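As structure tokens, the structure follows; a few thoughts come after it.
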Amino acid sequence: MSEKKIGIIGGGQLGSLLSVAAKKLNIKTTIYCDDFDAPAQNFCDDFIFGKYDDKIKIQNFIQKVDLVTYEFENIPFDTLYEINKFKPVLPKPSVNRLIQHRIAEKDFVNKLNIRTTRYVSVEKKSDIETLGDFLPGILKTTTMGYDGKGQFPIKTIEDINKLNIDFSQSYILEKLVKLKKEISVIVTRFGINNYEIYEPIENTHQDQILKYSIIPADITKNILDQSKDWASRIAEELKYIGTLCVEFFIDRNENLYVNEIAPRVHNSGHLTINAYNVSQFENHIRAVCSLEKIPLKKLHNAKMVNLIGKQIEPYRKNIKLNDNEFFFDYLKKEIKEKRKMGHITTLI
Ligand code: ADP
Ligand code: MG
């Protein structure tokens, strides 16, 4: 068996589930996180608490591991670039730099002739007057957003003026898509034209936070084929190694749009733990550690429900689960509103 030691940047639920998958493969994990209470401490072998620009602690981290991967995209590029001089960072740092900027990400996707929402950059006050074409829309910070954070729905130019935007940051205004459905496609790429792809997952959001994921997605064959084709083309073009997720919108006229790319494992893929022979987490570890690729097989259809904030409480009190239900507690210390605390997957 392999003696590899993997470093993971970020200690949330994705880092936890990556650690669990690594353990199964006999790979040791060291998590580096800027949250002293990071829940992944409960699942990894070794934990370093430090800021993402703390050069000394990052050096210590580098010494302990054979390669480094990450569970979230908002890591300073300089840090990943520095680490990559000593130990391989996978997916490579340039992928992360591209995707952490919403405009660069969408420009990249459009260059592949793949449809995204319509968008415009908003950098200064005088830009606001010219935005009529993109309304109604959603104003988003170009960097650092997740779970709907840093997003403002805009109906009229007046709405934007009222927001009193802080222009020390840059923004993107996206035209609102009249959504019929949202789906995601998860791909794990091992090398040139060498990947495994999970079937599209149908996602329902509440307050811009993922609430339900289900397979099979109720979509046409066209959308199924197109979404898988686009996701694998994106992974190929990025020369990506590891698990990646593409989030899509489907509008009321059955048009498919790429919403965003997550250069990492994804919340909508939690159901792959119970529904497939190899989960998105195990596949990520396999790909970045150059382990064998196992042909992917779906074992069950499934539905995942995110437990947000206080919704975790009854489950922590030993609720009786059926044989087809799997409960995961991320062991986050503090229950906060809008915080993803755990999930339940039901095989159907
Ligand atoms: P985050 O990085 O927070 O996940 P997203 O861009 O994926 O940001 O937005 C979160 C959710 O908000 C989406 O899944 C979707 O439900 C809604 N949303 C975002 N942008 C649009 C848009 N242009 N049109 C319609 N709905 C949108
Ligand atoms: Mg999203």
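Every number here is computed from the coordinates shown, using simple stated rules; none is lab data. Everything numeric in this text was worked out from a predicted model, so none of it was measured. Please note: Cβ atoms are built from the backbone with ideal geometry, for glycine as well, and neighbour counts cover all protein chains shown.
Overview of results
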item: Nearby lysines by direct alpha-carbon distance to Lys298 (threshold 19 angstrom, same-chain neighbours under 8 apart not counted); result: Lys221, Lys228
item: The chain: most fluctuating residue of Leu163, Leu224, Leu299 per GNM, C-alpha cutoff 10 Å; result: Leu163
item: Net charge of Cβ neighbours under 15 Å - reference Phe86; Lys, Arg +1; Asp, Glu -1; result: +4
item: Tensor-based shape of segment 129-192 (alpha-carbon gyration tensor, a/c under 1.5 rounded, otherwise prolate or oblate); result: prolate
item: Positive-end residue of Ile294, Phe327, Leu307, charge dipole of segment 285-343 with Cβ unit charges; result: Leu307
item: Cα shape, the chain, gyration tensor, a/c 1.5 rule; result: rounded
item: Per-pair calculated FRET efficiency, R0 = 51 Å: Ile56 and Asn324 via Cβ, rounded to 0.05; result: 0.60
item: Check: the chain dipole with +1 on Lys, Arg Cβ and -1 on Asp, Glu Cβ, in debye; result: 420
item: Segment 5-89: relative contact order in percent, alpha carbon pairs under 8 Å with at least 6 residues between; result: 34
